[in-house]
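**Q** Quick one: the structure is below, and I'll ask about it shortly.
The values are calculated or read from the model by the stated rules, or taken from the named source; none is laboratory data. This structure is a prediction, so every number in the text was calculated from the model and none was measured. Note: ideal-geometry Cβ built from the backbone for every residue, glycine included; neighbour counts use all protein chains shown. Just so you know, the surface numbers come from the protein's heavy atoms only, side chains and all, with ligands and any DNA or RNA stripped out. Shrake-Rupley method; radii C 1.70, N 1.55, O 1.52, S 1.80 Å.
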Amino acid sequence: MSIRIDGITVRYPRAAEPAVRDASLGLDAGELLVVAGPNGSGKSTVFRTILGTLVPERGRVTVDGRMVGDWPRADLSRVVSAMPQREEPAFPLAVHEAVLLGRWARLGPFAPVGPEDRAALARALERCNLTGLAQRGTDTLSGGEWQRVRVARALAAEPRFLLLDEPGTALDLAHEMALFELLRELVAGGIGVLAITHHLNLALRYADRVVLFDHGTVAADGAPRAVLDEALLSRVFGWPVSLQALPDGSPHLVPLRRDEFGATTPLPPHLEST
Amino acid sequence: MGVSVPATVAPRRLVHALLFAGAVAACLLALAFGAVDLTPAQVLAALLDPESPDAAIIRELRVPRIALGFGVGGALAVAGAALQAVVGNPLAEPWLLGISGGAGLGAVLAVVIGLPPGWSVAACATLGALAAIALVYRVSLVAGRRVDPRVLILAGVVVGAFASAVSAAILAVTDPFTFRAAALWLFGGFAGASWSAVGRFALAAVPALLVLGWLARGLDLLALGDDTALALGADASRVRRLAIVATAVLTAASVSVAGVIGFVGLVVPHALRWTVGPLHRGLLPAAFLAGGAFTVLADAGARTVLAPAELPVGVITALVGVPIFAMLLRRSAS
């Protein structure tokens, strides 16, 4: 089973330029794919076309060989569970209730919450280190705790594919590392994970594959060490980046300070006014 | 695993049981109140024995009136709860969103152009309600692609005020007899209650209530915003469309038998979220019971405070609802 994106071009209503142009990528079961790129380069747009929130004007998005638009919504969410970038809940819930919402699509309109659902809930809470917070109201959580609740909710659906749009946002160092360790664990269990992130060093250390977006197109797609290349990243992000070796020899990306790349060097054009 | 997740079902059932008991008590209490004072024994006798001296008052006036009041109040509270999820804002309500005003205008127009009372008035009220919510939605979309809930409320108040003004203008130029018939829809009340009105109301409201019950989990997800609702398996735009049509039908069914009654849909769901929580499988039935009981009691008050004259029941619900609305506004601003 896999998710395939073939040559999609996506344009927002009333936008002159497409947000994504002729982009292709795939996600297989049992792999951790990191999607990276500058702000506004099309990462979230691709995420939303997989969910069917946006319909591409050209190209196709298929899940298990079937066009996304042809899937009944509830069936699709059993296969693909997702955490969008932003969300403002209207009414506060208890954490365990909020996470259980990930089961609604499986349960349909009337089925009662059963032992399987409670087991999935308990597992999701435990995996996201939320068990102690189960009774808390979502309106009393810190930003990082709320982010973990949303990840747990996507996990509670027990999907085959998990899509996360900037899951590390608002997480402290330990919780972000714990999240990526969890993603590796899920991948080892056969789930396909697509994570959008700006943390390229985490991509280097955890991803099986990296897709780099630049101005709505795929600039590179491959193994992390191949894609996260000094010259390519410096060009795509418009800021000089140096690839350094950690003591164990593994690569680490360091964006350079201005005095490190020469004070006489002009700022990249898109940053000049800052 | 070793993690115990508390079941929330038991307390929810308990709240429903308590609300049910409270609703029954409110209805019994309301039976005893009215222009003619009756003792509980006389009420009981009338209920049990069709030949008893007060049987006519109880069976043909008070019982249908209470049944209608309960149904209308329950329907408005359920409609309010559903709209709040659709809009993602606890300030939404059929009256504040202009739906009631649109339904009222539809009913007034039907009466003034001389359509027969009953079904045709209800149909016109439904058309008015749907037109109003469509207009409110369009107006609030002007600001951008996404609906800003605050703009939506503003648009609702504006459209509601416009509908009321048109209704008032129409009434001003009609003959006194038509005026009396039509004015009922602008100042809500249950004076016209009858078993046939109960039947007409139920025929429209019951299917709409069932649709909202079927959508309950979709409403839970919709309240998280469209992207998240889609990500968790709810077809957001379909849930929203169905919920809006169902609430418009509930509002129109209510308005066509009892006129415009505000604030029930605002106050009741808000108070209940504190006790049963915001999940709609718990909230919607609770809102029906509490909204029904609240309205039956408000109507008992409307009948007795100035007896034998009657206050419009909308006056009572507004007197209770406006301070609570002001409190909510303050809280949502902070």
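**Q** So, residue A:59, is that one more than 8 Å from every other protein chain (Cβ to nearest Cβ) and touching a residue at least 24 places away in the same chain (Cβ under 8 Å) or not?
**A** Yes: the conditions hold for residue A:59.
**Q** OK, next. Within segment B:281-301, identify whether any single residue is in contact with a Gly (Cβ under 9 Å, 6 or more places away or on another chain), open to solvent by less than 40 Å² (accessible area, probe 1.4 Å) and within 30 Å of residue A:55 (Cβ to Cβ), and answer yes or no.
**A** No, because not a single residue in segment B:281-301 is in contact with a Gly (Cβ under 9 Å, 6 or more places away or on another chain), open to solvent by less than 40 Å² (accessible area, probe 1.4 Å) and within 30 Å of residue A:55 (Cβ to Cβ).
**Q** To continue, here is another question. Considering only segment B:302-315, state which residues are open to solvent by 50 Å² or more (accessible area, probe 1.4 Å) and either among the β-branched types (Val, Ile, Thr) or within 21 Å of residue B:90 (Cα to Cα) (or both).
**A** If the condition is that a residue be open to solvent by 50 Å² or more (accessible area, probe 1.4 Å) and either among the β-branched types (Val, Ile, Thr) or within 21 Å of residue B:90 (Cα to Cα) (or both), then B:305, B:315 are the ones that fit.
**Q** May I pose another question? State all residues of segment B:59-82 that are in contact with a helix residue (DSSP H, G or I) (Cβ under 9 Å, 6 or more places away or on another chain) and either surrounded by fewer than 24 Cβ atoms within 10 Å (Cβ to Cβ) or without any contact (Cβ under 8 Å) to a residue 60 or more places away in the chain (or both); if no residue qualifies, say none.
**A** Those that are in contact with a helix residue (DSSP H, G or I) (Cβ under 9 Å, 6 or more places away or on another chain) and either surrounded by fewer than 24 Cβ atoms within 10 Å (Cβ to Cβ) or without any contact (Cβ under 8 Å) to a residue 60 or more places away in the chain (or both): B:59, B:60, B:62, B:63, B:64, B:67.
**Q** Let me confirm something: among B:55, B:85, which residue is crowded, with 24+ Cβ neighbours inside 10 Å and at pLDDT below 95?
**A** Criteria check complete, one pass: B:85.
**Q** Considering only residues that are in a helix (DSSP H, G or I) and within 16 Å of residue B:304 (Cβ to Cβ), look in segment B:17-37 and name the one that is modelled with the lowest pLDDT.
**A** Once the filter is applied, the top-ranked residue is B:32.
**Q** Follow-up question, since we're still on this one. Quick test of your reading of the structure: residue A:41 fulfils all but one of (1) under 16 Å from residue A:152 (Cβ atoms); (2) more than 8 Å from every other protein chain (Cβ to nearest Cβ); (3) in contact (Cβ under 8 Å) with a residue 12 or more places away in the chain. Name the failing condition by number.
**A** (1)
**Q** Within segment A:185-219, which residues are of a type in the set (A, V, I, L, M), farther than 30 Å from residue A:126 by Cβ and open to solvent by less than 20 Å² (accessible area, probe 1.4 Å)?
**A** Residues satisfying the conditions are A:211, A:212.
**Q** Restricting attention to segment A:31-44, report how many residues are farther than 14 Å from residue A:220 by Cα, modelled with pLDDT of 95 or more and either open to solvent by 10 Å² or more (accessible area, probe 1.4 Å) or β-branched (Val, Ile, Thr) (or both).
**A** 1
**Q** Shifting gears a bit: Just to be sure, is residue A:16 more than 14 Å from every other protein chain (Cβ to nearest Cβ) and part of a strand (DSSP E or B)?
**A** Judged against the criteria, residue A:16 is not a match.
**Q** Go through segment A:53-68 and report how many residues are closer than 27 Å to residue B:82 by Cα and either touching a strand residue (DSSP E or B) at 6+ places or on another chain (Cβ under 8 Å) or modelled with pLDDT of 90 or more (or both).
**A** 1
**Q** Determine, yes or no, whether residue A:81 is hydroxyl-bearing (Ser, Thr, Tyr), in a helix (DSSP H, G or I) and either more than 7 Å from chain B (Cβ to nearest Cβ) or more than 23 Å from residue B:273 (Cα to Cα) (or both).
**A** Here the answer is no, as residue A:81 does not meet what is asked.
**Q** Next up: Collect the residues in segment A:158-190 that are assigned to a loop (DSSP other than H, G, I, E, B) and out of contact with any helix residue (DSSP H, G or I) (no Cβ under 9 Å at 6 or more places or on another chain), keeping them in residue-number order.
**A** Within segment A:158-190, A:189, A:190 meet the criteria.
**Q** Quick check on segment A:134-144: of everything there that is crowded, with 16+ Cβ neighbours inside 10 Å and over 24 Å from the mean Cα position of the chain (by Cα), which residue is nearest to residue A:177 (Cα to Cα)?
**A** That would be A:134.
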